[in-house]
Structures are given as structure tokens and as C-alpha cells.
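Asker: Would you mind keeping the following structure in view while I ask a few things?
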Amino acid sequence: MRKRYTIKGKVQGVWYRARTKEEADNLQLTGFIRNLAGGEVLAEAQGDAEDLAWFEDWLKLGPPLARVENVEEEILDAIEGEESFEIRD
């Protein structure tokens, strides 16, 4: 299963991407995370439903300096052969 998340709030400049990558790596998810021009963060993650549920809980909380206001999600088609979770520019 793969999902796309748009995270809104104070989520840039607070180590949100780096800490989210750590969480994704711990859950053995693949995908990516990147900042958007409007101040939001976009993430796509792929893995089993239980691990994605844990990941979603993390996205709603974020690191201590983050203030997450909203997380929108969308189900996507899985990407075959993806091997890691990365931070993109």
C-alpha cells in the first residue's frame, strides 16, 4: 500500500523531514519526503497497512518544534522496486 501525505502547519525548519525519515526507516517504509513552496511538506510512503498507520500517527505529531495543523492523505498505486525512504529537495 502507498499513500501521499500533505502536512500543513509549522513543519519546515524544525527537523520534520529528517525525523520523519528516521521514523520511516525504523518502520522499513519506502518513499520520500520534501518541502513544498507554500510551507507544507509532502511525503509518500509505501509499506504494510499497520506500519503506515504508525507512520500517520508520527506525521500528525512530528518532532518537538513542529506544530502540525493538518495531514491530508491520498491512496496511490504501489511503486515496484523502490528500496528506501529519502529526503528530496
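Just so you know, all these numbers are worked out from the coordinates, no wet-lab data involved. Note that the structure is a prediction, hence the values are computed from the model and not measured. Neighbour counts run over all protein chains shown; Cβ positions are idealised from the backbone, glycine included.
Asker: If you rank I87, I79, I33 by fewest surrounding Cβ atoms within 10 Å, what's the result?
Answerer: I79, I87, I33
Asker: What list do you get for E72, E22, E44, E83 if you sort them by fewest beta carbons within 10 Å? Spell out each step's value before the answer.
Answerer: Numbers: E72 11, E22 14, E44 20, E83 6.
Ranking E72, E22, E44, E83 by Cβ neighbours within 10 Å, fewest first, gives E83, E72, E22, E44.
Asker: Tilt of helix 16-26 relative to the longest C-alpha principal axis of the chain, in degrees (0 to 90, nearest 10)?
Answerer: Long axis of 16-26 versus the principal axis of the chain: about 30 degrees.
Asker: Can you compute the modelled spin-label distance between A18 and E74, with each label point 7 Å from Cα toward Cβ, in nm?
Answerer: Rounded to a tenth, the inter-label distance reads 3.0 nm.
Asker: Helix 49-61 versus the longest principal axis of the chain: what is the Cα-based angle in degrees, 0 to 90, to the nearest 10?
Answerer: Here the helix axis deviates by roughly 10 degrees.
Asker: Might you report the magnitude of the Cβ-based charge dipole of the stretch 2-77 about its Cα centre, with Lys and Arg at +1 and Asp and Glu at -1, to the nearest 20 debye? Before the final figure, lay out each step's value.
Answerer: Details: 11 positive and 15 negative charges, 98 e Å.
That gives the stretch 2-77 a dipole magnitude of about 480 debye.
Asker: Between E69, E56, E40, find the one with the highest GNM mean-square fluctuation for the chain; connect C-alpha pairs within less than 10 Å.
Answerer: The residue with the greatest mean-square fluctuation here is E69.
Asker: In a GNM of the chain with a 10 Å cut-off on Cα contacts, which of L29, L76, L59 has the highest mean-square fluctuation?
Answerer: Maximum among the listed residues: L76.
Asker: Per DSSP H run of n ≥ 4, the term is -39500 (n - 2.57); total these for the chain, divide by its residue number, and report the mean residue ellipticity at 222 nm rounded to 500 deg cm²/dmol. Each step should come with its number before you reach the end.
Answerer: Details: 2 runs with 24 residues, N = 89.
Helix-only estimate at 222 nm: -8500 deg cm²/dmol.
Asker: Can you give the translational diffusion coefficient of the stretch 2-77 in µm²/s, computed by Stokes-Einstein from the Kirkwood radius over Cα pairs at 4 °C and 1.567 mPa s? Please list the in-between numbers first.
Answerer: Working: Rh = 12.0 Å.
Diffusion coefficient, whole number: 108 µm²/s.
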